[in-house]
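For reference, the structure discussed in these notes is given below.
A short reminder: the numbers here are calculations on the coordinates, not readings from a lab. A quick note: this is a predicted structure, and the numbers were derived from the prediction, not measured. Every residue, glycine among them, receives a Cβ derived from its backbone with ideal geometry; neighbour counts consider all protein chains shown.
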Amino acid sequence: MHSDSTTSLLSILRPFKRLVEVGIGSRFDVAHSLSENRIIVATDIHQCNPPDGVQFVLDDICDPLLDLYSKADIIYALNLPPELHQPTLNVALQVKSKFLFTTLGNDFPEIPVRIETTPGETIYWALE
């Protein structure tokens, strides 16, 4: 059983077939839930051991391996800190990918966004 916020995110992300999650850390529930019939790549600056179906690549979004993101239909990040909003947007723009993210409760977007409020979560869509 997923939380309301996870269920909302899954419903938004399910239409996409090639996804990259930036800064996955130890939160694998969304990527793992999406991994069936999709290509899911997770990145972080620290080594992670994601579940089966989720490919992990060690990467720093501030100095990215652009090829990693080049085929993504969408780049997304959960609880993305403000200092990574612009670098992640820069990557999304370079590879012509959509970009959505969530923040920690008290953080505000550092880039222009469209706000989508869903049960349990505020989702920010980067404006292109």
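May I ask you to derive the FRET efficiency for residue 67 and residue 46 from their Cβ-Cβ distance with R0 = 30 Å, giving the value to the nearest 0.05?
Between residue 67 and residue 46 the formula returns 0.90.
Return the single residue from 78, 13, 66 with maximal mean-square fluctuation; model: Gaussian network over the chain, springs between Cα atoms under 10 Å.
Among 78, 13, 66, the largest mean-square fluctuation in the Gaussian network model of the chain belongs to 66.
Just to be sure I understand: with springs between alpha-carbon atoms less than 10 Å apart, which residue in 33, 70, 11 has the highest mean-square fluctuation in the Gaussian network model of the chain?
In the Gaussian network model the winner is 11.
What does the extension gain come out to for residue 3 and residue 122, with contour length at 0.36 nm per residue minus their alpha carbon separation?
41.5 nm
So what is the calculated 222 nm ellipticity per residue for the chain, using -39500 (n - 2.57) for each DSSP H run with n of 4 or more, over all residues, to the nearest 500 deg cm²/dmol?
After summing the helix terms and dividing by residue count, I get -6500 deg cm²/dmol.
Gaussian network model of the chain, Cα springs within a sub-10 Å range: biggest mean-square fluctuation belongs to which of 22, 54, 113?
Largest GNM mean-square fluctuation: 113.
Over 10 Å intervals from 0, what percent of Cα-Cα pairs in segment 55-128 sits in each interval?
Binned Cα distances yield the sequence 20, 55, 24, 2.
With every atom except the alpha carbons ignored, what do you get for Rg and Dmax of segment 8-123, in angstroms?
13.0, 35
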